[in-house]
Amino acid sequence: MPDVLDATPYDALLLLSFGGPEGPDDVVPFLENVTRGRGIPKERLKEVGQHYFLFGGVSPINDQNRALLEALRKDFGEHGLDLPVYWGNRNWAPYLTDTLRDMVRDGHRRILVLATSAYASYSGCRQYRENLADALAALKAEGLELPKIDKLRHYFNHPGFVEPMIDGVVESLADLPEEVRDGAHIAFTTHSIPTSAADTSGPVEEHGDGGAYVRQHLDVARLIADAVRERTGVDHPWQLVYQSRSGAPHIPWLEPDICDHLEERHAAGVPAVVMAPIGFVSDHMEVLYDLDTEARAKAEELGLPVRRSATVGADPRFAAAVRDLVLERAAAERGRQVTPCALGALGASHDLCPVGCCPARTPRPAAAGADSPYV
């Protein structure tokens, strides 16, 4: 088909991420950005930032986004997709507003956004849409012509996201000592969020116990576990668990925590565990510290063999998946009939976030959704 690699009407892709410090002097200012409006004292932020200081004050996330940016540009170029790719962050340079301003000044008027969060949740979707609305408001105040912005759908069950994680789990199992390999348990991990946020994640019709957030992670975990069984011939037990809790102790968050889970599995006689961080696109600080440092220390304390499987990162299959998502959305915008690519029981996610999807406790304008003030 002559328009297979046609991204029309879009003229640019924006990689939108969280951001992270790139040196010791960045840590507290970065955390001030993350916690803005919560009134957290600087001394407390220094305490919270200790896990960054353990790694020289550098989060790996920015380098990982640079690698993904390069992988996307390489894939697009090799396949003849003429679509420039930019990068902006929520909490650290390059800041979203600055990047969006550059895109407008470069003449871009129809922009697609890829967020580095694969699942539905307030912090993983709507908050990015609020960030986009804030950036558009800033550009409007500067008198710039505003672009039309759309966000790519959730890609948690796209083969290009799932298949690298399957490989990672299989490789981690193979790296375990042979005598414990077949009995190994798989702990699929993701970021814990308040149960109230989980229960209201996704469209209104999906609200309830765990909401779309838990349902989507469980679907991916089943996909990976089934594929691992097919490849290895072993049916490994598994569970979805959580990590990186950061809220007040009196507020319920999703459980069990990965360290508690390791203790429980060890007490139950499990001989080994593979930790599979399916909730994360790349090996950023939550993976590097909460799994590779804290959880691994807990496992060593227990005498429990553990391995941690890789995240997708800049895997070429993920870059190809992004290309597929771009072309899929562009074709739909042109009025073409599209069959979205998705694995598992849930099917492809929505293109346009509906009203009431992943609501905030305090309503704020959000771009790239049915309730967007920017059309």
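The values are calculated or read from the model by the stated rules, or taken from the named source; none is laboratory data. For clarity, every value in this text was computed on a predicted model and none was experimentally measured. Every residue, glycine among them, receives a Cβ derived from its backbone with ideal geometry; neighbour counts consider all protein chains shown.
Odds and ends about this structure:
- Residues of the range 245-287 satisfying the condition of being hydroxyl-bearing (Ser, Thr, Tyr) and either surrounded by fewer than 21 Cβ atoms within 10 Å (Cβ to Cβ) or modelled with pLDDT under 95 (or both): SER246
- Residue that is assigned to a helix (DSSP H, G or I), at pLDDT 95 or above, under 17 Å from ALA12 (Cβ atoms) and not β-branched (Val, Ile, Thr), where the choices are LEU112, LEU68: LEU68
Condition check ((1) more than 30 Å from ALA71 (Cβ to Cβ); (2) part of a strand (DSSP E or B)) across all residues:
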site	(1), (2)
PRO9	no, no
LEU16	no, yes
ASN33	no, no
GLY37	yes, no
ILE40	yes, no
LEU45	yes, no
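- GLY183 being crowded, with 23+ Cβ neighbours inside 10 Å, touching a residue at least 40 places away in the same chain (Cβ under 8 Å) and assigned to a loop (DSSP other than H, G, I, E, B): no
- Verdict on ASP26 being outside any loop (DSSP other than H, G, I, E, B), buried (at least 18 other Cβ atoms within 10 Å of the Cβ), touching a residue at least 12 places away in the same chain (Cβ under 8 Å) and of a type in the set (D, E, K, R): yes
- Residue selection: GLY20 fails the criterion of being crowded, with 20+ Cβ neighbours inside 10 Å and in a strand (DSSP E or B).
- Qualifying residues in the range 29-63 (those that are of a type in the set (Val, Ile, Thr) and in contact (Cβ under 8 Å) with a residue 12 or more places away in the chain) - the one surrounded by the most Cβ atoms within 10 Å (Cβ to Cβ): ILE61
- For the range 241-270, a residue qualifies if it is of a type in the set (A, V, I, L, M, F, W, C) and touching a Gly at 6+ places or on another chain (Cβ under 9 Å), and the qualifying residues are TRP253, LEU254, VAL270.
- Residue within the range 321-338 that is surrounded by 17 or more Cβ atoms within 10 Å (Cβ to Cβ) and part of a loop (DSSP other than H, G, I, E, B) present: no
- Taking the listed residues GLY143, GLY124, GLY168, the one that is assigned to a helix (DSSP H, G or I), at pLDDT 95 or above and farther than 22 Å from CYS353 by Cβ is GLY168, with no other qualifying.
- Number of the condition not met by ASN91 [criteria: (1) free of Cβ contacts under 8 Å to residues at least 12 places away in the same chain; (2) within 17 Å of VAL281 (Cβ to Cβ); (3) not hydrophobic (A, V, I, L, M, F, W, C)]: (1)
- Considering ASP315, ASP235, the condition of being touching a helix residue (DSSP H, G or I) at 6+ places or on another chain (Cβ under 7 Å), closer than 23 Å to SER59 by Cα and among the acidic types (Asp, Glu) is satisfied by ASP315 alone.
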